[in-house]
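Input: a single structure, listed below in structure tokens.
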Amino acid sequence: MPSALTPLCGPVLPLHTEEVVVARRNTAGDTVRVAIVTREHERLVDEELTHERVEIDRVVVGRVVDAVPPIREDGDLTIIPVVEEEVVVVVERRLVLREEIHMRRVRVTERHRETVTVRRQDAEISRVRPDQRDDAG
């Protein structure tokens, strides 16, 4: 039985040679469109707000003092002394505490309700195949 791989004696002639050539080209594919759409809707804001306000009371004192009293604090109350130098006919100078200004910080919390317009942007993405494209595409 003869072998299929039996070497032949004599010259070998090539009958055909194949070569591969690789190239790139652009082809029309799907077109992707992205549209940014802004939508508005109403939203109710219902929150507790806290703020401080200052109450001012002027307290008349009319007391003679030896020196200008310092500004002092008593809890949420700040006391600012107002002094006046007066000259007495008897060549005497004295400080008179005319009044004290009492400033009190008051914290107020109240409910605030308001309807506001809120905007939101969404991206709408679509694909258009080449055979569905219009002339502008």
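The values are calculated or read from the model by the stated rules, or taken from the named source; none is laboratory data. Owing to the predicted nature of the structure, the values given are computational and were not obtained by experimental measurement. Neighbour counts run over all protein chains shown; Cβ positions are idealised from the backbone, glycine included.
Assorted remarks:
- Flag if ARG127 is basic (Lys, Arg), closer than 26 Å to GLU47 by Cα, exposed (fewer than 12 other Cβ atoms within 10 Å of the Cβ) and in contact with a strand residue (DSSP E or B) (Cβ under 7 Å, 6 or more places away or on another chain): no
- Qualifying positions in the stretch 85-124 - more than 30 Å from VAL45 (Cα to Cα), surrounded by 10 or more Cβ atoms within 10 Å (Cβ to Cβ) and among the charged types (D, E, K, R): GLU86, ARG94, ARG98, GLU99, GLU100, ARG104
- Filtered residues of the stretch 48-66 (kept if at pLDDT 90 or above and in a loop (DSSP other than H, G, I, E, B)): none
To keep it simple, each residue is scored yes or no on (1) without any contact (Cβ under 8 Å) to a residue 60 or more places away in the chain; (2) in contact with a strand residue (DSSP E or B) (Cβ under 7 Å, 6 or more places away or on another chain).
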site: VAL21; (1), (2): yes, no
site: ASN26; (1), (2): yes, no
site: ILE36; (1), (2): no, yes
site: ARG63; (1), (2): yes, yes
site: VAL68; (1), (2): yes, yes
site: GLU73; (1), (2): yes, no
site: VAL91; (1), (2): yes, no
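- All conditions in (1) within 40 Å of the chain's Cα centre (by Cα); (2) modelled with pLDDT of 90 or more hold for VAL83, with the sole exception of (1).
- The lone criterion from (1) loosely packed, with under 10 Cβ neighbours inside 10 Å; (2) under 30 Å from ALA123 (Cβ atoms) left unmet by THR17 is number (2).
- Taking the stretch 65-83 as the range and being out of contact with any Ser or Thr (no Cβ under 8 Å at 6 or more places or on another chain) and surrounded by 10 or more Cβ atoms within 10 Å (Cβ to Cβ) as the test, the residues that pass are VAL65, VAL68, PRO69, ASP76, LEU77, THR78, ILE79, ILE80, PRO81, VAL82, VAL83.
- The requirement of being surrounded by 10 or more Cβ atoms within 10 Å (Cβ to Cβ) and within 30 Å of GLN121 (Cβ to Cβ) is satisfied by THR31.
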